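Visitor: Can you read through this structure? Questions will come right after.
All of the numbers you see were taken from the coordinates with simple rules; none came from a lab. Small disclaimer: the values here were computed from a predicted structure and weren't measured. Positions of Cβ are backbone-derived with ideal geometry, glycine not excepted, and every protein chain shown enters the neighbour counts.
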Amino acid sequence: MTHPPYPPLVLVHGLLDTPAVFDGLKNKLVHARQPLLIPHLPLRLGCTPIAEMAELLGSRIEAAFGQTEMIDILGFSIGGVIARTWIQLLDGHRRTRRFISVGSPQLGTITAHPWPRRLFRGIADLRWGSALLRQLNGDLSALQRIECHSFYSILDLAVLPGWLAVLPVGERTMLPVLTHPQLLRDSAAIRPLALELLRL
């Protein structure tokens, strides 16, 4: 059986997650998306700055697929901002066909504000008006060159308010789930995510 000619797929996990967070989604894809890279990123409970994680993500992608092969990339929660940072600030857009953001605070979140920046630099990067988000949202030209799709829950309590968990460009789809973890656990969310990943 031959699979459709998809590029490699990269999945980027969230703050308290491991690559296992994508197991339900992988099962729904039924091995149709190969090769698949799900790197483990040492986020250290949000202590590591997002830009540093983006550099590590880029090195993992390059080690797996070389320097030029096109990829699709999906980022969950903080993983979506890490992927976006790689795309926009580290020239990842040059090799990205499609970027899917799932429950990622692309426009900031209230929940990041109580955490002290000197200890939790990665979480502080997700605050409204952080230097990183201002830089990302100040020049959207790299994002505008690729296909972008945001999936979010309006009731997401990890990203407050939930409607900020979207990219400033591309399509947006609200998923009918009530919590942040359900974005990758509930079949009502996994089904449309898999359909997007299986779209040519």
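Visitor: Being under 13 Å from A54 (Cβ atoms) and either free of Cβ contacts under 8 Å to residues at least 60 places away in the same chain or under 15 Å from the mean Cα position of the chain (by Cα) (or both) narrows it down to one residue among T68, T111, T85; which is it?
Guide: Of the residues listed, the single one that is under 13 Å from A54 (Cβ atoms) and either free of Cβ contacts under 8 Å to residues at least 60 places away in the same chain or under 15 Å from the mean Cα position of the chain (by Cα) (or both) is T85.
Visitor: Tell me the residue from Q135, Q144 that is within 29 Å of A194 (Cβ to Cβ) and either free of Cβ contacts under 8 Å to residues at least 60 places away in the same chain or touching a Ser or Thr at 6+ places or on another chain (Cβ under 8 Å) (or both), please.
Guide: Unique residue meeting the criteria: Q144.
Visitor: Same structure, new question: Identify all residues within the range 57-80 that are part of a helix (DSSP H, G or I), more than 30 Å from G162 (Cβ to Cβ) and hydrophobic (A, V, I, L, M, F, W, C); write none if there are none.
Guide: Matches in the range 57-80: A63, A64, F65.
Visitor: Another one. Out of all the residues in the range 173-196, which are in contact with a Phe, Trp or Tyr (Cβ under 7 Å, 6 or more places away or on another chain) and outside any helix (DSSP H, G or I)?
Guide: T173, M174, L175
Visitor: (1) farther than 21 Å from V10 by Cβ; (2) surrounded by fewer than 20 Cβ atoms within 10 Å (Cβ to Cβ): which one isn't true of L198, the others all being true?
Guide: All conditions pass for L198, except number (1).
Visitor: Condition check: part of a helix (DSSP H, G or I), among the charged types (D, E, K, R), touching a residue at least 60 places away in the same chain (Cβ under 8 Å) and crowded, with 17+ Cβ neighbours inside 10 Å. Does R33 satisfy that?
Guide: It is false that R33 is part of a helix (DSSP H, G or I), among the charged types (D, E, K, R), touching a residue at least 60 places away in the same chain (Cβ under 8 Å) and crowded, with 17+ Cβ neighbours inside 10 Å.
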